[in-house]
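What follows is a set of notes on a single structure, which appears directly below.
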Amino acid sequence: MNILISNDDGVSAPGILAAKQAVEDLANVTVVAPDKNNSSIGRRITLFKHLKLDSCKLEDGSPAYSVSGSPADAVIVGADYVMDENPDLVISGINQGVNISCDITSSGTVCAALEAVSLGIPAIAVSLFMDPKTSFKQDENSEWYVDYDFSLAKKVLHDLVLKIMDDGFPEDVDLFNLNVPSNYDSEDVMITDLADRMLEKKVIDNSDTEKEELFNYPLDENQENDDLIMITSDLVKEYPKGSDGYALLVEKCPSLTPLSVDMTIRDLKDWRIE
């Protein structure tokens with residue numbers, strides 16, 4: 001089996017190395033990913049513009065390629081140019097953050113998998129849910145850091161790929177969206193639906209003193225700090241039973257959502273525009 005691995009966090013992100021380590025005993029693995037972080041970029045494709053393709057190495061010294069474009073670009077370049085023939089499977093991730101609900105259409109991680117499907121290649125998008133109660137820790141100097149524990153995600157991804165190798169994808173399933181909690185030990189994978197949404201979004205400006213620190217990011221040229229607004233978001237806290245959010249936040253277990261790229265609603269025989 002030949003597997004192409006990409007992501008939206010960039011080729012140097014620890015999650016892409018974790019994904020490679022999860023499946024390298026099962027298949028020939030090629031890593032092609034954006035040269036920098038491209039989170040929440042959706043399925044943007046760079047058409048008729050030059051892209052830079054560089055060879056590089058992952059942290060373990062294994063070879064990889066970086067692309068000066070989007071996650072979807074990286075999948076196209078990897079499948080159509082870097083690899084000698086189309087891969088049998090594309091894995092996008094392991095993303096450092098959750099990707100659930102109908103909000104996945106803005107996710108670079110999931111949209112890289114969608115791009116693979118458009119090329120006729122089945123795909124898995126995999127993300128790591130980091131619970132603030134267990135993932136944020138302090139070092140010996142009392143400095144806070146994020147503990148990216150990929151161990152459970154690697155095991156579940158390995159088992160999923162092994163299952164696909166043995167049985168193939170289920171009928172009418174084009175890709176799987178896998179979300180695994182960090183720093184939890186439950187290996188019981190729930191087959192889930194997409195929740196309605198993942199994020200509560202809000203627009204703020206400089207008059208919001210509670211969010212004042214957000215405006216300390218570097219400004220674009222010709223911008224002035226006194227006329228800026230910003231879109232912020234908070235994670236939705238309640239999800240219906242059976243949804244991906246419920247599996248992660250309530251059951252504390254991995255969520256596997258089977259998806260089809262065909263979004264057509266066909267049962268409208270009696271619906272007419274008069």
Residues located in region 174-204, provided they are assigned to a loop (DSSP other than H, G, I, E, B), within 15 Å of the chain's Cα centre (by Cα) and of a type in the set (A, V, I, L, M): LEU194, MET198
Just checking, does region 48-57 include any residue being touching a residue at least 12 places away in the same chain (Cβ under 8 Å), buried (at least 21 other Cβ atoms within 10 Å of the Cβ) and under 21 Å from ALA13 (Cα atoms)? no
Expected output for region 249-274 (first residue among the small types (Gly, Ala, Ser), partner assigned to a loop (DSSP other than H, G, I, E, B), Cβ below 9 Å, 6+ apart or cross-chain) is SER255/ILE100; SER255/VAL189; SER255/THR192; SER260/ASP172; SER260/VAL173; SER260/ASP174
Could you tell me how many of the residues in region 150-173 are in contact (Cβ under 8 Å) with a residue 60 or more places away in the chain and either of a type outside the set (Lys, Arg) or outside any helix (DSSP H, G or I) (or both)? 14
All positions within region 1-25 that are part of a loop (DSSP other than H, G, I, E, B) and buried (at least 20 other Cβ atoms within 10 Å of the Cβ): ASN7, ASP8, ASP9, VAL11, ALA13
From the options LEU162, LEU89, residue that is surrounded by 19 or more Cβ atoms within 10 Å (Cβ to Cβ), modelled with pLDDT of 95 or more and not polar (S, T, N, Q): LEU89
What number of residues within region 242-274 are part of a loop (DSSP other than H, G, I, E, B), assigned by TED's automatic domain parsing to the domain that holds ASP185 and over 21 Å from PRO170 (Cα atoms)? 4
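Please tell me if ASP174 is under 29 Å from SER70 (Cβ atoms), surrounded by fewer than 18 Cβ atoms within 10 Å (Cβ to Cβ) and modelled with pLDDT of 80 or more.
no
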Among the residues of region 244-274, the number that are exposed (fewer than 15 other Cβ atoms within 10 Å of the Cβ) and hydrophobic (A, V, I, L, M, F, W, C) is 7
In this structure, does ASP188 turn out to be on the phi < 0 side of the Ramachandran plot, surrounded by fewer than 17 Cβ atoms within 10 Å (Cβ to Cβ), modelled with pLDDT under 95 and outside the structural domain of LEU228 (by TED's automatic domain parsing)? yes
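The values are calculated or read from the model by the stated rules, or taken from the named source; none is laboratory data. These figures come from a predicted structure and were not determined experimentally. Methodologically, a virtual Cβ is constructed for each residue, glycine included, from the backbone with ideal geometry; neighbour enumeration extends over all protein chains shown.
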